[in-house]
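Following: one structure in structure tokens, then a few remarks.
The values are calculated or read from the model by the stated rules, or taken from the named source; none is laboratory data. These figures come from a predicted structure and were not determined experimentally. A quick note on method: Cβ atoms are made from the backbone with ideal geometry, for glycine too, and the neighbour counts reach across all protein chains shown. Areas reflect the complete protein model, heavy atoms only, side chains present, ligands, DNA and RNA absent. Shrake-Rupley method; radii C 1.70, N 1.55, O 1.52, S 1.80 Å.
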Amino acid sequence: MQGHRTGRAILFGLLLCSAFAVREGSAQPSAEAIARGMALTVAGDCASCHTLDPAKPLAGGKRIDTPFGGIYSPNLTPDRDTGLGGWSDDDFYRALRHGVAPNGSRYYPAFPYPNFAKLIRDDILAIGAYLATQAPVRNAVPPPELRFPFNFAW
């Protein structure tokens, strides 16, 4: 009898976990959130830094010269290999709000996350939802070309 209860408890737990996973994976952003994300992306002029080729908007690769050397803007399209396609909402939030990459490393040297410090989570996720609607573009951008000692991230 005890084994039967344990089996039912395990089965119930698996079903419950599956239900949450399906709900979480199938939740789509609303059209309103996507429209808000588009408005915020336009207002923030994201394309000015993240577009090298106008035929590939937001695919990154634009060189930005600084007094420390050159940096290249990242790909914001939903490409899984070179863009944001494999990122979760939490990954996107941490990157924009705290300058932390999905792998836990810090963005260096010029990711302007302090500029986004006043955005609320819903607005950051709306931006991510809008970016997810863009055409994925495979575009691996070059690494930063910083002069010594700025080429070291301590």
Determine ³J(HN,Hα), in whole Hz, for all residues of the stretch 80-88 in sequence, where each value follows from phi through the Karplus function 6.51 cos²θ - 1.76 cosθ + 1.60 and θ = phi - 60°; x replaces Gly and Pro.
5, 8, 10, x, 9, x, x, 8, 8
Virtual spin-label span in nm between Asn151 and Arg138, 7 Å along Cα→Cβ
2.9 nm
Need one number: the % of Cα-Cα pairs in the stretch 62-112 sitting beyond the 12 Å mark.
67 percent
Suppose each label sits 7 Å from its Cα in the direction of the beta carbon; what would the Arg80-Ile120 distance come out to in nanometres?
3.4 nm
List residues of the stretch 123-139, by number, whose backbone nitrogen lies under 19 Å from a label position 7 Å along Cα→C-beta of Asp53.
134-139
Taking R0 as 41 Å, what's the FRET efficiency between Ile64 and Asp89 from their Cβ-Cβ distance, rounded to 0.05?
0.95
Sequence-distant residues sharing a close amide H with Asp79 (under 5 Å, placed H)
Leu84, Gly85, Val137
Probe 1.4 Å, accessible area per residue of the stretch 57-97, Å²
46 Å²
